[in-house]
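Report on the following structure.
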Amino acid sequence: MRRNYRMAALATALWCSVLVAGNPAVLPTVPALNSPATTESLPGKFIFTDYFTSDIEATRRFYGELFGWEWRWIGPDRSYGMFYHDDIAVAGVVLHESNDNERAYGRWIFYLSTDDVPKKVEAVSAEGGRVMLEPTVLPARGTLAVVADPEGAPFGLLSSDSGDPADYRAEPGEWLWVSLYSRDVEKASQFYRLLFGYDVTRAEDTADEADLVLSRDGVARGGISPLAAGSASYPTWLGYIRVADVGASVAKALEMGGAILVAPDPALLDGNLAIIADPIGAPIALIHWTYENEAAR
C-alpha cells in the first residue's frame, strides 16, 4: 500500500505539467492511486504532495542533498520529475514559471482526500475561498481541484477512484505532518471543520495554547498554528519531514543556500523542530520524532 501511495505523486506531477502549460484538454494517462483498487476512504487525510517551481535544477540539488532523495526525470521535456527515497517516490516537482522576472518561484502543495470534489469546491467558494483549478477528471485516478482558503492558503482536493492509501509510520526522509499557519486560528478552524468535518482540539505538546489539531475518526490529520504577531509571512500549509537529526539537517540546509525561519529551540519539542526556507524561499519544516513503542534514534 505504501508503494502504491508513492506512485500517486507521479500522476500529480504529470497532470500539473499539462495544466501549467495551458492545455487542460489533453490530459495524461496516469496510474490509479491503489492497484488493486480498495474501498478505503479517508476524507480529510493529506494524500499527495507536489512542489511547483520555476527552477527545477535548484530544487533537485537542494532537496536531493538535504534528504538523500534520488531524482528521476519523467518525460523528455524536463518539465517535471520525481524525488525518490529508498526507491519510493516522495514528491513530484512541476515546472511553474515565475511571475517575477527577478525571483524564482517555489511552493509546496498538499492534497486532501474528499469524496466529492465539485461539492467541496462549491463550499470553498461559499465560505470565502477561491478556486485556482476547477474540478478536473483524470481517467483511472479520479477528480481533483486546487483551491485556496479565505486567507489565501492553497491546498488540493482529490477524490480517488481506487481508494485512499492506508495510514503508515513515516520513516526519516518522509512526510510526517502538515500544519496550517494562519492569522486567525479560530476562523481557519471553522472553515476546515465545515469543509471536512474535523474534530478540533487544542494541541497538548506545544508551547502555544492557540495551536489546534484537526482530527477525523479519531486520527489526527493536520494542525493549525498562529502566525507570529507582525509576521510578514503569508498564511500557508507547511509540510514536516521526519529527520534523524534536526541540527545537522539545518546546518546542511544552510551550507546549500537555505535559510533558518525558526531555529531549533529547547522550548519547542525539546529542540527537535526547525523551519527552514529552501534557496528559492519555500518553507519546509524538519522534525525529529519518535513513535510510541519505537526505540529512540
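The values are calculated or read from the model by the stated rules, or taken from the named source; none is laboratory data. These numbers were taken from a predicted model, which means no experiment stands behind them. With ideal geometry, Cβ positions are generated from the backbone for all residues, glycine too; neighbour counts draw on all protein chains shown. With ligands, DNA and RNA removed, areas are computed over all heavy atoms of the protein, side chains included. Shrake-Rupley method; radii C 1.70, N 1.55, O 1.52, S 1.80 Å.
For region 41-98, how big is Rg over Rh, using alpha carbon atoms and the Kirkwood form of Rh? Spell out each step's value before the answer.
Working: Rg = 12.3 Å, Rh = 12.1 Å.
The Rg/Rh ratio comes out at 1.02.
Rank-order 239-246, 152-159, 170-177 by packing density, defined as the average count of other C-beta atoms within 10 Å over each peptide's residues, highest first. Walk me through the numbers on the way to the answer.
Numbers: 239-246: 19.4, 152-159: 21.4, 170-177: 17.2.
So the peptides 239-246, 152-159, 170-177, ranked by packing, come out 152-159, 239-246, 170-177.
Beyond 19 Å, what percent of the Cα pairs of region 195-249 remain? Don't skip to the answer; put the middle values down first.
Working: 674 of 1485 pairs.
Taking all Cα-Cα pairs of region 195-249, the fraction more than 19 Å apart is 45 percent.
For region 48-86, trypsin sites (Lys or Arg not before Pro) meeting the loop criterion (DSSP other than H, G, I, E, B) and having at most 14 other Cβ atoms within 10 Å: Arg78. Each other residue within a Cβ distance under 15 Å of Leu254 adds +1 if Lys or Arg and -1 if Asp or Glu, for a net charge of -2.
What the pair-distance distribution of region 230-297 shows, using all Cα-Cα distances binned every 5 Å from zero, is 4, 16, 25, 25, 16, 8, 4, 1, 0 percent.
Could you tell me the convex hull volume per residue, in Å³, taken over the Cα atoms of region 158-297? It would help to have the intermediate numbers written out before the result.
Numbers: hull volume 20.2 nm³, N = 140.
Spelled out: Cα convex hull of region 158-297, divided by residues, is 145 Å³.
Quick check on region 159-212: what does the Kirkwood estimate of hydrodynamic radius come out to from the alpha carbon pairs, in Å?
13.9 Å
What are the trypsin sites (Lys or Arg not before Pro) within region 150-205 that DSSP puts in a loop, where the Cβ has at most 13 other Cβ atoms within 10 Å? Walk me through the numbers before you get to the answer.
Values: sites: Arg169, Arg183, Lys187, Arg193, Arg202; in loops: Arg169, Arg183.
Sparse-neighbourhood loop trypsin sites (Lys or Arg not before Pro): Arg169.
Expressed in nm², what is the orientationally averaged projection area of the convex hull enclosing the Cα positions of region 122-169?
Details: hull surface 17.3 nm².
Here the figure is 4.3 nm², rounded to one decimal.
Where the alpha-carbon atoms of region 82-181 are placed on the principal axes, they occupy 42, 42, 29 Å, in descending order. Orientation-averaged projection of region 93-241 equals 10.6 nm² [convex hull of Cα atoms, one quarter of hull surface area]. Across Glu134, Glu204, the residue with the most accessible area heads the list, and the full order at a 1.4 Å probe is Glu204, Glu134.
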